[in-house]
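Working notes, structure below.
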Amino acid sequence: MPRGRRVAAALATSALLMVSACSQSVDVPPSTSTSAPGATSSSSALPPAPDRLRVAISFDQPGLGVKDGDEYSGLDVDIARYVAQQMGVEQITFVQAISDQRETLLATGQADLVISSYSMTPQRAEQVAFAGPYLVTDQELLLPRRSAIRSPQGLRGFTVCGATGSSATQRLVRDYTGLHIVEEKSVDDCVERLRDHEVKAVTSDTTVLAGYLGQGEDDLRLSGRPFGRESYGIGLSKDDSVMCYRVSEALRTMISSGEWRRAVARNLPSAKVIGRQTYRPPQVRSCTSPTTLTSAGSSTSS
């Protein structure tokens, strides 16, 4: 076998071992929503939902996805549980999602869904399908409380940390010149570098960065001047129209039932901290019903 293929195979094997070591099954209780799973005529005509789902989430993003021993918490976790309940899934296996490995997890079948502050970008949509959005958030900077920096323009000549594969990191590099970027595998690692005074700022989404406020004695703050906006979606296999439709319908039910608002308020800082738009229920995009596709013999989506 050529050396390049041996290296690729070794990397793939390493990724599989990493995921298997960072996964755990969690039973999903029956849905408590007033809308029972499979209640619509279109969904009742679909094939049976899977008994189990492998869902990739972050393990170290406060407010979104955190693994603490055998417990999982955060908005992304609540979204995963609700969607699974609406689909009639009996068990979720949570696996760890690293920013620059999310597409790989789906492509290699290590995850059925990725719910991990996953921004719906045109570039990613070339590789995966998205159901959602389920949250809209700004992008900005996390800084020491006494920092004089107020915006990306003030970072010229300084070093900023961002997660590898993050759209916030990519946008900062693209739109602002004269700053130095270092990348880490997670925002959590970047925040550690900020606390160790190795970088001047951390860039990510406001919702992600706000989870680090009030922790420890370093007294961090948000810049308060967003430089972009992102919509979080649920990533899934590009060709799985049935799953896309089911997940989209579950998100709509979560929003209409009021459970979405409760989950956001339960997990995230106030609207004053992260912005009013994040507390507004998003408009979930349509995934065309697979039953409609079959009868019409064509595919349309909005």
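The values are calculated or read from the model by the stated rules, or taken from the named source; none is laboratory data. These numbers come from a predicted model, not from an experiment. Reconstructed Cβ throughout: ideal geometry from the backbone, glycine too, with neighbour counts over all protein chains shown. Heavy atoms of the whole protein, side chains included, go into the accessibility calculation; ligands, DNA and RNA do not. Shrake-Rupley method; radii C 1.70, N 1.55, O 1.52, S 1.80 Å.
Observations on the model:
- Between the listed residues Q153, Y134, S119, the Cα displaced farthest toward the positive end of the dipole of the range 115-160, a dipole computed from Cβ unit charges relative to the Cα centre, is found at Q153.
- The phi-based Karplus calculation (6.51 cos²θ - 1.76 cosθ + 1.60; θ = phi - 60°) puts the 3J(HN,Hα) values of the range 70-75 at 9, 10, 10, 8, x, 4 Hz, whole numbers, x for Gly and Pro.
- Cα-centre dipole for the range 44-138 with unit charges at Cβ (Lys and Arg positive, Asp and Glu negative), debye to 20: 220
- Unit charges on C-beta of K, R, D, E only; dipole of the range 136-190, Debye: 280
- Note that the range 123-131 has calculated 3J(HN,Hα) couplings of 5, 5, 5, 6, 10, 9, 9, 10, 9 Hz, one per residue in order, obtained from phi through the Karplus relation 6.51 cos²θ - 1.76 cosθ + 1.60 (θ = phi - 60°); glycine and proline are x.
- Phi angles of the range 192-207 translate, via the Karplus equation with coefficients 6.51, -1.76, 1.60 and θ = phi - 60°, into HN-Hα couplings of 4, 5, 5, 5, 8, 6, 8, 9, 8, 7, 10, 10, 5, 6, 4, 4 Hz per residue; Gly and Pro are given as x.
- Computed FRET value (nearest 0.05) for E90 with A45, which takes r as the C-beta separation and R₀ as 30 Å: 0.90
- Heavy-atom surface of the range 78-150, accessible at 1.4 Å and reported per residue (Å²): 33
- Note on Y212: accessible area approximately 0 square angstrom, rounded to 10, probe 1.4 Å, nucleic acids and ligands left out.
- Added length on full extension, which subtracts the Cα-Cα distance from 0.36 nm per residue, F158 to S286: 41.8 nm
- Computed magnitude of the charge dipole of the range 176-232 (debye, nearest 20; Cβ of K, R +1, Cβ of D, E -1): 340
- Rounded to 0.05, the FRET efficiency of the E198 and R225 pair, given R0 = 22 Å and the Cβ-Cβ distance, is 0.45.
- Cross-link partners of K185 among aspartates and glutamates (Cα-Cα below 14 Å; sequence separation of 8 or more within a chain): D60, D100
- For T104 and I181, a Förster radius of 25 Å and the Cβ-Cβ distance give a FRET efficiency of 0.65, rounded to the nearest 0.05.
- Taking all protein chains as they are arranged and a probe of 1.4 Å, the heavy atoms of S286 leave approximately 50 Å² accessible to solvent.
- When F158, F227 are compared by accessible area of protein heavy atoms, the largest-first order is F158, F227, using a 1.4 Å probe.
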